[in-house]
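The values are calculated or read from the model by the stated rules, or taken from the named source; none is laboratory data. From a predicted model like this one, the values you see are computed outputs, not experimental measurements. We place every Cβ from the backbone using ideal geometry, glycine too, and count neighbours over all the protein chains shown. Areas reflect the complete protein model, heavy atoms only, side chains present, ligands, DNA and RNA absent. Shrake-Rupley method; radii C 1.70, N 1.55, O 1.52, S 1.80 Å.
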Amino acid sequence: QVQVMESGGGLMQAGGSLRLSCKVSGTNLSPRSMSWYRQIPGNQREHVASIISIGNIRYADSVKGRFMISRDKLGNTVFLQMNSLRPEDTAVYYCKADLVWGDVWGQGTQVTVSS
C-alpha cells in the first residue's frame with residue numbers, strides 16, 4: 001500500500017524557520033512530481049510548491065523567496081524549507097505525490113507561526 005507521510009511541523013515564532021519532510025513508501029516507482037499544499041480551516045487547500053526536477057519547480061507567489069522545495073536523489077522524499085515564517089503561513093501542510101496511477105495525499109502536518 002502506497003503511503004505518503006509528512007513530518008516536521010510545529011510551533012515557531014515569526015521570522016523563524018521550519019523544515020518539512022515528506023516520504024513516499026510502498027512503491028518502487030518514483031513519483032512524477034511532488035507538491036506541498038496548505039489549508040486553513042474553512043478555506044480551500046492552496047498550492048505552495050511543486051517539484052518535478054531541479055529545473056522544474058513552481059512556487060506560490062506568497063512564498064517565493066522564503067520557501068524552498070527539494071527532492072532527494074531517489075525522488076521519493078521531498079522537503080520544504082520554510083524561512084522568514086509569517087503568522088499567515090499558519091496552516092496544515094499536506095504533501096501530494098503524483099504517481100502513474102494517480103495522486104496520493106498525506107495526512108498533513110500542522111505549522112503554527114506566532115507573532
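How much length would be gained if the chain were fully extended between Asp103 and Gln81, taking 0.36 nm per residue of separation minus their Cα-Cα distance, in nm to one decimal?
Full extension of this stretch gives 5.7 nm more.
Which one of Gln13, Gln44, Gln81 has the biggest mean-square fluctuation once the chain is modelled by GNM with Cα springs under 10 Å?
Comparing Gln13, Gln44, Gln81 in the GNM, the peak value goes to Gln44.
Over region 1-56, average the accessible area per residue using a 1.4 Å probe and give it in Å², no decimals.
For region 1-56, the solvent-accessible area averages 60 Å² per residue.
Which one of Ala49, Ala14, Ala97 has the biggest mean-square fluctuation once the chain is modelled by GNM with Cα springs under 10 Å?
Ala14
Could you please report the charge total around Gln110, scoring K, R as +1 and D, E as -1 over all other residues with beta-carbon less than 12 angstrom from its beta-carbon?
-1
Where is the GNM fluctuation largest for the chain (alpha-carbon springs, 10 angstrom cutoff): Val100, Val92, Val63?
Maximum among the listed residues: Val100.
Which value, to two decimals, describes the C-alpha radius of gyration of region 1-68 once divided by 2.2 N^0.38 Å?
1.25
For the chain, the longest stretch holding no trypsin sites (Lys or Arg not before Pro) located in a DSSP loop with at most 16 other Cβ atoms within 10 Å is which?
By the stated rule (loop sites, at most 16 other Cβ atoms within 10 Å), 74-115.
Where the accessible area of the chain is counted over protein heavy atoms with a 1.4 Å probe, how much of it, in %, is carbon and sulfur?
That fraction is 50 percent.
Using all Cα-Cα distances in region 3-115, what percent lands in each 5 angstrom bin from 0 up to the longest?
Spelled out bin by bin, region 3-115 gives 2, 13, 24, 26, 19, 10, 4, 1, 0 percent.
Give me the net charge for the shell around Ser33: Cβ to Cβ below 10 angstrom, other residues only, Lys and Arg +1, Asp and Glu -1.
+2
Within 11 Å, Cβ to Cβ, of Ser50, how many net charges do the neighbouring residues add up to if Lys/Arg are +1 and Asp/Glu are -1?
Net local charge, Ser50 excluded: +3.
Tell me, in nm to one decimal, what length is gained between Ser115 and Gln39 on full extension, where the rule is 0.36 nm per residue of separation less the Cα-Cα distance?
25.5 nm
If you average the sequence gap of Cα pairs under 8 Å that are 6 or more apart and divide by the length of the chain, what percent do you get for the contact order?
37 percent
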